[in-house]
Amino acid sequence: METRGLEPVPDSERTGRVRTLFPTWAAANMTVLLLTVGAGLVVFSGLNLWQVLIVAVTAPAVSYGLVGLVSVAGQRGGAPGMALSRAVFGQRGNLLPGALIWIARWGWEAVNAVTGAYALLAVLDLLFSVRSTTALAMAVLVAFVAISFLMSGIGAGALRACSILSAYLFGGFSVLVLIHLGVGTDWRAALDRPAGPTAPMIAGIGTLAAGGISWVPSAPDFTRYLPRTTPCRAVVGATVGGAVLVSLPLVLMGAVMAVATPGLATSSDPVSFIGTLLPDWISVPYLLISVVGMVLINAMSMYSAGFTAQTLGFMIPRTWAVGVNAAISLLLGGFLMLATSSFIGPFVSFLALLAVTFSAWIGVFGVDLLRGRTYDAAALLDTSPAGAYWYTGGFSVPAVAAWGSGLVVGLLLTGVQWFTGPLATTWIGRHGLGWAATIAVSGALYALLPRPAGLR
């Protein structure tokens, strides 16, 4: 069991290998939610398969390119992402983006837990004709969150080993699904669909990229055991490669399925359609392996959220911090299963807000990293006014100002089910590029503002 918390990993213990990042980020995309997103691009956005292909390639390349870039910070500093963030925002200033990112993780984990629970319910229905009830759904949800908590509590070694095994299994069965779809699909009807408008295609890139963007602050958590001499290009390449290899076929599979069954994008259950469209000998093991993948995704998210909670001042061991996150995601997941009648609409809205929330941090942290930032291991843990990262009253004023400005601009440009910013009807807003504007504004402003006094 990993017992290390926020403290940086000493060079003598940095025995990781860059090749393990490939299955790690492949596992981070092993979710049937990508099938639902692919279906939504066809049904709601009106895209054809060629446009979906552009979205499915561009979105993970951009978002996991950012994940790979920020991963380099973990290799440099040997600490979790939100601990390294203290060097950028100041010991107190880091509490602002840290709290918002921690809260956003609750929603991501809840959505993923609900999807995993639906997958288990679908397997019970297919194998034993057990119909879902409220009590059964809640029991399955509790089991899913509990397993995620146990795996994340054990630590990085367990996550790494399970990611490698799951990536091989999920990849193998995905090939079977692709072969089945290739044989049974009316390709003339699928390929002859007229092209949709450009605006929803660009917006679709943002929707799909939001999943990867949500991992950016966590990226250093999975590279802090790499030696300092690891080539940066190899880190970025392994990260992007693992993500694209899994997400690309899943999104395309969802789009192909939607051509034959448009109703799958409007279902309140984002999983059950798999049992309808695929034979049992494929659908059952595929759903079970998908559950393992979604458990891994939640475990990875909880693993990082535990570190974030510690940076917020929760003076508890990492495993207990993970437990707090698990309990909150369980409550939110239960509400989502019981209170929503449609899945894809709220999910897409959540992704849009998620992207903006994380992008404000990415712009500032990314520019700081590109400036050649080095990290003082002792100062990262020194939260007193005497610490090197205390700056002005505990705040790096330029970083906090740039982060806040980018966040406000992004929200003004965002329009979702629950919130519509006054600039959401502009070209940037209509094309779903609020997240990109957020990164640009926060990063540019931070680059232009003077560096804080006492910067190391």
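Values for this structure:
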quantity: Residues of segment 148-172 classified as closer than 30 Å to residue 252 by Cα, open to solvent by 50 Å² or more (accessible area, probe 1.4 Å) and of a type outside the set (Ser, Thr, Tyr), total; calculated: 5
quantity: Any hit, segment 11-21, residues being buried (at least 24 other Cβ atoms within 10 Å of the Cβ) and either out of contact with any strand residue (DSSP E or B) (no Cβ under 9 Å at 6 or more places or on another chain) or not hydroxyl-bearing (Ser, Thr, Tyr) (or both); calculated: yes
quantity: Helices (runs of 4 or more DSSP H) within segment 43-147 that include 1 or more residues in contact with a Cys (Cβ under 7 Å, 6 or more places away or on another chain) and β-branched (Val, Ile, Thr); calculated: 49-77
quantity: Listing of helices (runs of 4 or more DSSP H) fully contained in segment 290-392 that carry 2 or more residues being within 25 Å of residue 242 (Cβ to Cβ), out of contact with any Cys (no Cβ under 9 Å at 6 or more places or on another chain) and hydrophobic (A, V, I, L, M, F, W, C); calculated: 344-370
quantity: Output for segment 276-289, where each listed residue is assigned to a helix (DSSP H, G or I) and open to solvent by 10 Å² or more (accessible area, probe 1.4 Å); calculated: 276, 277, 280, 281, 284, 285, 288, 289
quantity: Some residue of segment 349-363 being among the polar types (S, T, N, Q), over 30 Å from residue 185 (Cα atoms) and surrounded by fewer than 20 Cβ atoms within 10 Å (Cβ to Cβ); calculated: yes
quantity: From 304, 341, residue being modelled with pLDDT of 90 or more, of a type in the set (Ser, Thr, Tyr) and out of contact with any His (no Cβ under 7 Å at 6 or more places or on another chain); calculated: 304
quantity: Any hit, segment 57-71, residues being of a type outside the set (Asp, Glu), open to solvent by 10 Å² or more (accessible area, probe 1.4 Å) and touching a Pro at 6+ places or on another chain (Cβ under 6 Å); calculated: no
quantity: Flag for residue 33 being touching a residue at least 60 places away in the same chain (Cβ under 8 Å), open to solvent by less than 10 Å² (accessible area, probe 1.4 Å), in contact with a Phe, Trp or Tyr (Cβ under 9 Å, 6 or more places away or on another chain) and farther than 29 Å from residue 199 by Cα; calculated: no
quantity: Exclusive hit being among the β-branched types (Val, Ile, Thr), open to solvent by 30 Å² or more (accessible area, probe 1.4 Å) and closer than 27 Å to residue 315 by Cβ, set 374, 392; calculated: 392
quantity: Subset of segment 379-389 (residues that are among the polar types (S, T, N, Q) and either surrounded by 15 or more Cβ atoms within 10 Å (Cβ to Cβ) or in contact with a strand residue (DSSP E or B) (Cβ under 8 Å, 6 or more places away or on another chain) (or both)); calculated: 383
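The values are calculated or read from the model by the stated rules, or taken from the named source; none is laboratory data. Please read these numbers as outputs of a predicted model, since none were measured by experiment. No Cβ is skipped: glycine too gets one built from the backbone with ideal geometry, and neighbour counts run over all protein chains shown. The area values use the complete protein model at the heavy-atom level, side chains included, leaving out ligands, DNA and RNA. Shrake-Rupley method; radii C 1.70, N 1.55, O 1.52, S 1.80 Å.
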